[in-house]
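Report on the structure given below.
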Amino acid sequence: MARYTGPVCRLCRAEGKKLMLKGDRCKSDKCAINRRRPAPGKDPKGRIGKRSDYGIQLREKQKLKRIYGMQEKQFSLFFERALRMAGITGENLFVLLERRLDNVVYRLRFASSRSQARQIVLHGHITVNGKRINVPSCLVKAEDVIEVREGSKGLVVIKESLKEFGKSGVMPWLNLDPDAMKGTFLVPPRRSDITDLADVKEQMIVEYYSK
């Protein structure tokens, strides 16, 4: 399946939730969710029919897939990997998604959105343990050091994104030195640590793939 290239605000409206796909715009009055625009294809008067169990499960899967900016095939492969791991499948899935390099770059405030973080990684601006990595889906491990390359530390887009660190810091499983533009992935997070995605019902996703 090809990557979606249409207006990303449409995806947020479809899910009825801010997916934080456009960084700072999602926090402004320009956000489609803030303006309460109806979801595409939905009754503008807000009349909603009862969803089937399958429909609910599908929406949860689509929501999480879109948050992390993944294609269907890639997301299903991550789920299959989570299924093979010891422990609870839904929680394993979250841990794998949080370990993606593009997500870690976003969480470290080197980018204002995951899509921007993906571009930063693809363009070779990031190193892991001193080695340049340009694969967004690369999984980082505990104690890995993620750093902006020396020649890329002057990029305005990264400097602007790092201003968010002064407002809200980083997640507890990360450590960041904003002046050095260097961070450490301390330990894989627990599901309960990922508080900004607390409303995602991962059990619905497990049930979706179990059919």
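The numbers here are math on the coordinates, done by the rules we state, and not lab data. Since we're looking at a predicted model, the values are computed, not measured. Cβ: placed from backbone, ideal geometry, glycine included. Neighbour counts: every protein chain shown.
Compute the Cα gyration tensor for the stretch 101-185, then decide on rounded, prolate or oblate, letting a ≥ b ≥ c be the square roots of its eigenvalues: rounded whenever a/c is under 1.5, prolate when a/b is larger than b/c in the other cases, and oblate in all that remain.
rounded
Using a 10 Å cut-off on Cβ atoms, rank the peptides 92-105, 113-126, 179-192 from the highest mean neighbour count down.
Put in order of decreasing packing, that is 92-105, 113-126, 179-192.
Calculate the FRET efficiency for residue 74 and residue 142 from the Cβ-Cβ distance with a Förster distance of 22 Å, rounded to the nearest 0.05.
Plugging the Cβ-Cβ distance into 1/(1 + (r/R0)^6) gives 0.40.
About the Cα centre of the stretch 101-185, what is the dipole size in debye to 20, counting +1 per Lys and Arg Cβ and -1 per Asp and Glu Cβ, all else neutral?
Rounded to the nearest 20 debye, it is 180 debye.
Report the net charge of residues surrounding residue 187, where surrounding means a beta-carbon distance below 15 angstrom and charges are Lys +1, Arg +1, Asp -1, Glu -1.
0
Take the Cβ-Cβ distance between residue 199 and residue 84 as r, set R0 to 25 Å, and report the resulting FRET efficiency rounded to the nearest 0.05.
Working from the Cβ atoms, E equals 0.40.
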